1. Looking at the range 142-184 only, could you name the residues that are touching a strand residue (DSSP E or B) at 6+ places or on another chain (Cβ under 8 Å), assigned to a helix (DSSP H, G or I) and buried (at least 21 other Cβ atoms within 10 Å of the Cβ)?
2. Of the numbered conditions (1) at pLDDT below 95; (2) surrounded by fewer than 16 Cβ atoms within 10 Å (Cβ to Cβ); (3) charged (D, E, K, R); (4) within 18 Å of the chain's Cα centre (by Cα), Glu285 satisfies every one except a single condition; which is it?
3. Given the residues Lys289, Lys297, which is the only one that is basic (Lys, Arg), outside any helix (DSSP H, G or I) and within 28 Å of Ala213 (Cβ to Cβ)?
4. I'd like to check something: does the range 249-260 contain any residue that is among the small types (Gly, Ala, Ser), closer than 26 Å to Thr323 by Cβ and out of contact with any Asp or Glu (no Cβ under 9 Å at 6 or more places or on another chain)?
5. Within the range 364-399, which residues are of a type in the set (A, V, I, L, M) and surrounded by fewer than 13 Cβ atoms within 10 Å (Cβ to Cβ)?
6. Of the conditions (1) in a helix (DSSP H, G or I); (2) among the basic types (Lys, Arg); (3) modelled with pLDDT of 90 or more, Lys273 clears all except one; give me its number.
7. So which residues in the range 400-426 are buried (at least 16 other Cβ atoms within 10 Å of the Cβ) and either basic (Lys, Arg) or outside any helix (DSSP H, G or I) (or both), if there are any at all?
8. Just one of the numbered conditions (1) over 17 Å from the mean Cα position of the chain (by Cα); (2) in contact (Cβ under 8 Å) with a residue 12 or more places away in the chain is not true of Ala92; which one?
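The values are calculated or read from the model by the stated rules, or taken from the named source; none is laboratory data. Note that the coordinates shown come from a computational prediction; the quantities given were computed from them, not determined experimentally. For neighbour counting, all protein chains shown are included, and Cβ atoms are generated from backbone atoms with ideal geometry for every residue, glycine included.
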Amino acid sequence: MKEKQHSINRRNFLKTMGAAGLAPYLIRVPAKASAGTGETKNTDPNAAEKTQKPKIPQMPRRKLGKTGVEVSCLSLGGDFSFIDKQIVLIKAFETGVTYWDTAHNYGGGNAELGIGKYLTKDPNARKKLFIVSKSAIFGGPITADKVEERLQTSLERMNTKYVDLYYAFHGLSDPAQLTDEIKQWAKSAKKRNLIRFFGFSTHQNMAACLAAAAGLDWIDAITTLYNFRVMQDPKMQAAIEACHKAGIGLTAMKAFSRGVRRLQPVETEQDKKLLDHFQKRGFTEEQAKIKVVLQDKRFSAVSVGMQNISLLNTNVDAVLNKTKLTKADIEALKEYARATCSGYCAGCAYICNSVLPDTPYVSNIMRYLMYYNSYGQHDKARELFSQIPGNVRNRLLSIDYRLAETNCPQHLPIAELVAEAVSKLA
């Protein structure tokens, strides 16, 4: 999220937050002495405390599917180190953003260690938090033993005896991975009180993964790629509805739908048009992208990465602002999606994989390039790219991508983008 997001529509929220945020640091002033007497007035001893501690607006909550648990509808995404960002955790907790999303590999393990540092200082906060973590196993089969090992490490790092929601699959792309072995492990982990609920995240072949989960009675919640672009897909809508009817709690991620190449906040006329539209409405385009997802009541929350207080305040304000998007606002997002589709990978990996069976990594490469270009996460992008088998990486530039380009619903220039990825990530 860029600087333009930081200032446009936070004024109302910050009026309250500014005073509330300072409250803990105010020094109580003794009651004034009566003129000429040296005696203090007989006032309510709690009056000063009441005026010095205005209530901080709290994040609305929604039930997470059949779990029955209410979670904050803004989730703190933690794909970075929290060790030196304790203030973000403190302020998130104060504003009621108590749904924290992390993973075994986030920040090289420092995301979980940072949460552990926070809970060491404030152990009483644990019962108010809803923490989700993911095994993040890449390469090779996902077995119960591997998942168990990752969970135990996460519990130790976070200084907690349990995780509220655990995802054995971080980025599920093939429903066939939802095996009976993993089902039995989830059942065992619940019985041992190591996890309360179980599920997976997905940002490839989402519709297929969601549709499969809807028919399983052991999936409690899912975090899926979902934004103003993806919501135009009828298959995705049908799968979401199936999960909703099955009582599966849904959280949206990647709501801002950043493109494969987008680095600057405003690059094209379409960008400027969208920005101008929402500026006139009193909020940023990023805030609108959060609002359009949360207007879908089938979703319990939106997970957003927030590395500093400015981003946290802006996203909190987007949720607290009760202005609803109009039909014109939604149409503006749809028009933008149509005009800029060739710069966005929608995660339909099955299309590329069907015509490039020996190179089932095109969708991954598009995502890694997005991390590099649009998020500035260069090290993460290179690390993920390095996990592609060497024999595949070595022939990426010699593959004919024309059939994949022909079948791509987003009309991505795949060959050109793969070449860019190789030059930047290899």
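1. Within the range 142-184, Val147, Leu151, Ser154, Met158 meet the criteria.
2. (2)
3. Lys297
4. Checking the range 249-260: at least one residue is among the small types (Gly, Ala, Ser), closer than 26 Å to Thr323 by Cβ and out of contact with any Asp or Glu (no Cβ under 9 Å at 6 or more places or on another chain).
5. Scanning the range 364-399 gives a single hit, Leu397.
6. (3)
7. Within the range 400-426, Tyr401, Cys408, Gln410, Leu412, Pro413 meet the criteria.
8. (1)
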